[in-house]
1. Can you name the condition, by its number, that residue 177 falls short on among (1) modelled with pLDDT of 95 or more; (2) over 29 Å from residue 218 (Cβ atoms)?
2. Of everything in the range 118-133, what is outside any helix (DSSP H, G or I) and surrounded by fewer than 15 Cβ atoms within 10 Å (Cβ to Cβ)? Give them in sequence order.
3. Among the residues of the range 140-184, write down those that are more than 14 Å from the chain's Cα centre (by Cα) and under 23 Å from residue 259 (Cβ atoms).
4. Take residue 109 and decide whether it is touching a helix residue (DSSP H, G or I) at 6+ places or on another chain (Cβ under 6 Å) and either in contact (Cβ under 8 Å) with a residue 24 or more places away in the chain or surrounded by 22 or more Cβ atoms within 10 Å (Cβ to Cβ) (or both).
5. Can you find a residue that is more than 20 Å from the chain's Cα centre (by Cα) and surrounded by 12 or more Cβ atoms within 10 Å (Cβ to Cβ) anywhere in the range 226-238?
6. With the requirement that a residue be at pLDDT below 95 and under 13 Å from the mean Cα position of the chain (by Cα), what does the range 79-126 give you?
7. Over 21 Å from residue 60 (Cα atoms), surrounded by 14 or more Cβ atoms within 10 Å (Cβ to Cβ) and not assigned by TED's automatic domain parsing to the domain that holds residue 138: does that describe residue 196?
8. For a quick check of your reading: which helices (runs of 4 or more DSSP H) sit entirely within the range 174-256 and have at least 2 residues that are out of contact with any helix residue (DSSP H, G or I) (no Cβ under 7 Å at 6 or more places or on another chain)?
C-alpha cells in the first residue's frame, strides 16, 4: 500500500524527483536481446543520464559492484538485465514510488514461460553510499545486500512497489531449448534440487497446447537434478552439466526454434 500511496502523491514531489539523475546499468552475457534491451532504455520517458554496459563479468556480485563504481554520480541506478525489454514509462513509474528511506523501487516483468517474474529495479544510490553497501561473493548476494541495509537501520524500506503489481516490461521474450533448460537447472539448484510441482505442471500444460520442443528441454531442466555443488553465484557455464545428454535425447533442437513472445501480437503488453 505504501507504494500505491506514494505513486498517487507523486505530483507533490514531482519537481524534486525530476531533478534526480538516473543512470542505467545493463548487465549482459551475450543475450540475444541485448540490443533491444538497450534500445528500450533509450526510449524511456524519464531522461536517462547515460547507459553503462557491464558485459561478461561474473560472478554477479562482481558485476554488481562494477555497476556501483561506474554509477558513482547517479542519484538512482536502473538495474537492467540484457534479457529485459522495458516499457517506455518504466523508469518514471519506478521513480514515482521512490522515497528517501527506500533502497529499491521494484516492479515485475512478464515472462512467456513463467508469467510475472521479478524484478526490474531502481536502486537508491545515495543510500548505498551513505550505508557503504556492497555485494559479497556469495550465493544470493542480492538478498545479502538488502540484509546489510536492514542490519544498519531497521526502519528502512528495502523494497517498495505498487498494487496491483502490473509488469513494466518483458522478461526474456523468447527461449531457445538450451536457454530454458539452463534457466530451470539454475533455479532448481537454488531450491536445493527440489522439483517445483506447480512450474512442472505449467510447463507440461504449455507443451500440450503448443507441442513446442523447447518446452521439453524446460521440463527436463526441472526434472533432472543439478550436480553443481559450488557455493557462489551462477556463471555462463552454470546449469549446463547435463545439456549434451539432453540435446541427444531431444534430437538437437535447432537454435532458431524458440518459444515465447515471437512478435507484438503474442505478448500482452
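The values are calculated or read from the model by the stated rules, or taken from the named source; none is laboratory data. From a predicted model like this one, the values you see are computed outputs, not experimental measurements. We place every Cβ from the backbone using ideal geometry, glycine too, and count neighbours over all the protein chains shown.
1. Among (1) modelled with pLDDT of 95 or more; (2) over 29 Å from residue 218 (Cβ atoms), residue 177 violates only (2).
2. 118, 132
3. Within the range 140-184, 174, 175, 176, 177, 178, 179, 180, 181, 182, 184 meet the criteria.
4. Considered against the rule, which asks whether it is touching a helix residue (DSSP H, G or I) at 6+ places or on another chain (Cβ under 6 Å) and either in contact (Cβ under 8 Å) with a residue 24 or more places away in the chain or surrounded by 22 or more Cβ atoms within 10 Å (Cβ to Cβ) (or both), residue 109 comes out as no.
5. Within the range 226-238, one or more residues are more than 20 Å from the chain's Cα centre (by Cα) and surrounded by 12 or more Cβ atoms within 10 Å (Cβ to Cβ).
6. Correct list: 118, 119.
7. When the stated conditions are applied, residue 196 passes them.
8. 177-190, 197-210, 243-250
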